[in-house]
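**Student:** Pasting a structure here, questions to come.
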Amino acid sequence: MKYTTERRTRTRPKTIDGTTHQVDEQYTVRVPVAPPDRDAQALAAVTGLAVLIVTGAIVWSTVAIGGLLSAAFNPAISYGIACVFDATWIGLMTLEWIARYDSQRASLPRRMGWAALALSMALIAAHGAVGGFLWIGIAGAAVSLVAKSFWAVVMRTTEARLDTATAQWVAAERSETDGERALVAVRRQLERSKAKAREEAEALSSGGSVTEIEWRTPATGGLTADRLQAEVEDAAERIRTAQSAGSGSVRTDPDSGSVKDRVRTLYESGTTEPGDVVRALPDANPETVRRHVRTVRLEGGYA
C-alpha cells in the first residue's frame, strides 16, 4: 500500500490572558493512495484513439469529397460542404449514444448514421474513380467505415446493459418525466394563449369599441366618438328647430337655439358641472347635455 503526505488545516482554541479564540493550525497526515484504475486508463486511451481515427476520417473525406465537388463548384464552398457528410454520421452517432438506455429511440439515429456513412463512402469512392484511381478511392472510403465501426464497438463495449424488467422500469420513469415536461410546455402555451385572449378582449372592450375610439388626424382635430355623437344630435336638433320654424311655430324663448349652443352659453357663464347644466336645461335630453358638456370642455368652452 502506498501512502502520500497531505497538509491540512484545523481549528483549535488558544487562550491568552484568560481570553480564548479559535485559531487555524497546520498539520500533516498520511493517506493511502488508491491503486491506478487500469480500466479507466485503457478506456481513456481507446477514446483518444477513436477521436484520432475520426479526425483522420473527417480530413480524408473532406479532401476527397471536396475535390469531387470542386470540379463543378467553387473550391472554397465545395470543401466547406464536404465536411457535412462525415459530420452528419458523427452527430447521429452521438445521438445514438445519448439514447443508449432506450433501444427504441436509439434505433433511428443508428440506422440514419449508417446510411449517412454509406453516402459519404460512395462519394469518396467516386472521387477516386473520377481521377482514375478507383481502388484508392475505395481505400479512402474504408477510412470512414473503420472510424465509425471503431466508435460503434467502443459504445457497445462500454454501455450499460439492462435486463428486460429494468429496461421497462427505466422506460416507465422516462415516460413519466417526459409527460411532466410536455405538461409544462402545454401549460406555457395555454397561458400564452389566455394572455393573448385577455389582451384582445381588453382591446375590444376599450380601445376597440365605438364609444372609445379617438381619431387624431389633423383633419379631425382629435375627434372622439362622444364629440361625433354630439355633433350628430346637434345637427338633428337644428333640423327639428328649422322644421318648427318652417311650420310657423317660431320660438321666442331667449334661450332658444341648439342644445350645444345653450350648453356653451352656460359653460361660458360659469356653469361647468354636468349636473348643473342638466338642471338648467330641463327640456333637453340629459345624456345629450352631458355629451355636449364634454365636447365643449374639449373645445375650451368657446366656438
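**Student:** For ILE124, ILE58, write out the residues from largest to smallest accessible area, computed with a 1.4 angstrom probe and no ligands counted.
**Tutor:** ILE58, ILE124
**Student:** What net charge is computed for the residues neighbouring ARG100, neighbours being all others with C-beta under 13 Å from the C-beta of ARG100, Lys and Arg scored +1, Asp and Glu -1? Please list the in-between numbers first.
**Tutor:** Numbers: positive: ARG105, ARG110, ARG156, ARG161, ARG174; negative: GLU96, ASP102, GLU159.
Summing Lys/Arg as +1 and Asp/Glu as -1 gives +2.
**Student:** Something else: For the full complex of protein chains and a 1.4 angstrom probe, list MET121, MET155, MET1, MET112 by accessible area with the highest value first. Working shown, then result.
**Tutor:** On the way: MET121 45, MET155 15, MET1 170, MET112 100 Å².
Heavy-atom accessible area, descending, gives MET1, MET112, MET121, MET155.
**Student:** Let me ask you something else. Express the relative contact order of region 21-97 as a whole percentage, based on alpha carbon pairs under 8 Å and six or more residues apart in sequence.
**Tutor:** Values: 31 pairs, mean separation 16.1, N = 77.
Over region 21-97, the number comes to 21 percent.
**Student:** Taking a probe of 1.4 angstrom, what is the accessible area of THR20 in Å², to the nearest 10?
**Tutor:** Looks like 80 Å² after rounding.
**Student:** Please report the accessible area of LEU204 (heavy atoms, 1.4 Å probe, ligands and nucleic acids excluded) in Å², nearest 10.
**Tutor:** 130 Å²
**Student:** If I model a spin label at ALA197 and LYS14 as a point 7 Å from the Cα along the Cα→Cβ vector, what separation in nanometres do I get?
**Tutor:** Reported label-point gap for ALA197 and LYS14 is 7.1 nm.
**Student:** Convex hull over the Cα atoms of region 61-176, averaged projected area in nm²?
**Tutor:** Values: hull surface 33.3 nm².
Convex hull of Cα atoms, orientation-averaged projection: 8.3 nm².
**Student:** Return the inverse of the average 1/r over all pairs of distinct C-alpha atoms in region 1-127, which is the Kirkwood hydrodynamic radius, in Å to one decimal. Please list the in-between numbers first.
**Tutor:** Working: mean 1/r = 0.0502 Å⁻¹.
Radius from the Kirkwood sum: 19.9 Å.
**Student:** Considering only protein heavy atoms, with the full assembly of protein chains and a 1.4 angstrom probe, order HIS127, HIS292, HIS21 by accessible area, largest first. List each step's numbers first, then the result.
**Tutor:** Values: HIS127 65, HIS292 0, HIS21 115 Å².
Largest to smallest exposure gives the sequence HIS21, HIS127, HIS292.
**Student:** Just to verify a number: what accessible area does TRP114 come out at with the full protein assembly present, 1.4 Å probe, Å² rounded to tens?
**Tutor:** 100 Å²
**Student:** How large is ³J(HN,Hα), in whole Hz, for each residue of region 136-142 in order, when computed from phi with the Karplus curve 6.51 cos²θ - 1.76 cosθ + 1.60 and θ = phi - 60°, using x for Gly and Pro?
**Tutor:** Coupling constants for region 136-142: 5, x, 5, 5, x, 5, 5 Hz.
The values are calculated or read from the model by the stated rules, or taken from the named source; none is laboratory data. This is a predicted model, so every value here is computed, not measured. Quick reminder, even Gly has a Cβ in these numbers, built from the backbone with ideal geometry, and neighbours come from all protein chains shown. Keep in mind that these areas ignore ligands, DNA and RNA; they rest on the heavy atoms of the full protein, side chains included. Shrake-Rupley method; radii C 1.70, N 1.55, O 1.52, S 1.80 Å.
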